[in-house]
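The values are calculated or read from the model by the stated rules, or taken from the named source; none is laboratory data. Please read all numbers here as calculations on a predicted model, not as lab measurements. Note: ideal-geometry Cβ built from the backbone for every residue, glycine included; neighbour counts use all protein chains shown.
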């Protein structure tokens, strides 16, 4: 098992340029600059509650809209998580977290078993929070899960304020991934699967 579960991903397209560094065994330090204030806020919360260290520099075609930039940042986040986890030997693998944010309550459950899938159950009342369209939220979680090669199920159980709902989702995702990526000493560094591979 590696002591430094860390990855840097660089992705440049005709629409965006993203450099992202993730340290799984961090302390929650975040330095995020995407040009999308609400996304910066959510990723900072994700890192803080997951105890991940995360640095992001993104430049994109925000004169078009926020879609490409937000999507590509989350693609890079998923890829960094996958790369930093390596073989995934010795990790807990599955975990979940319930997180309240005032009147809203969110649940996120993850399985880092190498099978990408995403189920999102959340309804939003407003088209945007800050510079981020609420119709993108499900797609962002999907981008993280598919590029990170893991199952992610996310649900807003109830709530009224869209900011609170989305904040609860990102916090719950960070906490669930923190729990799932931890080493379980009882596994002795083995793969947490009866198949012997993830």
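With respect to residue 50, is the statement that it is modelled with pLDDT of 95 or more and more than 13 Å from the chain's Cα centre (by Cα) true? So residue 50 fails the test. Scanning the stretch 1-24 for residues that are closer than 22 Å to residue 184 by Cβ and in contact (Cβ under 8 Å) with a residue 40 or more places away in the chain yields a total of 8. Restricting to the stretch 132-155, and then to whatever is out of contact with any helix residue (DSSP H, G or I) (no Cβ under 6 Å at 6 or more places or on another chain) and outside any helix (DSSP H, G or I), can you tell me which residue is farthest from residue 20 (Cα to Cα)? If we take residues in the stretch 132-155 being out of contact with any helix residue (DSSP H, G or I) (no Cβ under 6 Å at 6 or more places or on another chain) and outside any helix (DSSP H, G or I), then 155 is farthest from residue 20 (Cα to Cα). Inside the stretch 18-37, residues that are more than 17 Å from residue 144 (Cα to Cα) and outside any loop (DSSP other than H, G, I, E, B) make up a count of 4. Residue check: residue 155 meets all listed conditions (1) buried (at least 20 other Cβ atoms within 10 Å of the Cβ); (2) within 16 Å of the chain's Cα centre (by Cα); (3) more than 22 Å from residue 79 (Cβ to Cβ) but one, namely (1). Here residue 179 clears all of (1) touching a residue at least 40 places away in the same chain (Cβ under 8 Å); (2) in contact with a strand residue (DSSP E or B) (Cβ under 7 Å, 6 or more places away or on another chain); (3) in a helix (DSSP H, G or I); (4) farther than 17 Å from residue 50 by Cβ except the condition numbered (4).
Within the stretch 38-51, no residue that is free of Cβ contacts under 8 Å to residues at least 60 places away in the same chain sits with its Cβ atom under 7 Å from a residue that is part of a helix (DSSP H, G or I) at 6+ positions apart or across chains.
Screening the stretch 129-140 for residues that are under 12 Å from the mean Cα position of the chain (by Cα) and free of Cβ contacts under 8 Å to residues at least 60 places away in the same chain and picking the one that is nearest to residue 39 (Cα to Cα) gives 137. Sort out which residues of the stretch 53-104 are part of a helix (DSSP H, G or I) and under 28 Å from residue 161 (Cα atoms), and write them in order of number. If the condition is that a residue be part of a helix (DSSP H, G or I) and under 28 Å from residue 161 (Cα atoms), then 67, 68, 69, 70, 71, 72, 73, 74, 75, 77, 78 are the ones that fit.
Mind checking which pairs have a first residue in the stretch 65-93 that is at positive phi and a second that is assigned to a strand (DSSP E or B), Cβ under 7 Å, 6 or more apart or different chains? The qualifying pairs are 90/183; 93/111.
Listed residues 77, 81, 54; which is over 12 Å from residue 143 (Cβ atoms) and buried (at least 17 other Cβ atoms within 10 Å of the Cβ)?
Working: 77 fails: over 12 Å from residue 143 (Cβ atoms); 81 fails: over 12 Å from residue 143 (Cβ atoms).
Unique residue meeting the criteria: 54.
Go through the stretch 113-132 and give me each residue that's within 21 Å of residue 163 (Cβ to Cβ) and buried (at least 17 other Cβ atoms within 10 Å of the Cβ). Within the stretch 113-132, 120, 122, 124, 129, 131, 132 qualify. For the structure I just gave you, tell me whether residue 4 is under 25 Å from residue 163 (Cβ atoms) and touching a strand residue (DSSP E or B) at 6+ places or on another chain (Cβ under 8 Å). Judged against the criteria, residue 4 is not a match.
On the given criteria, is residue 138 surrounded by fewer than 23 Cβ atoms within 10 Å (Cβ to Cβ) and on the phi > 0 side of the Ramachandran plot?
Working: surrounded by fewer than 23 Cβ atoms within 10 Å (Cβ to Cβ): yes; on the phi > 0 side of the Ramachandran plot: no.
No; evaluated as a whole, the condition is false for this residue.
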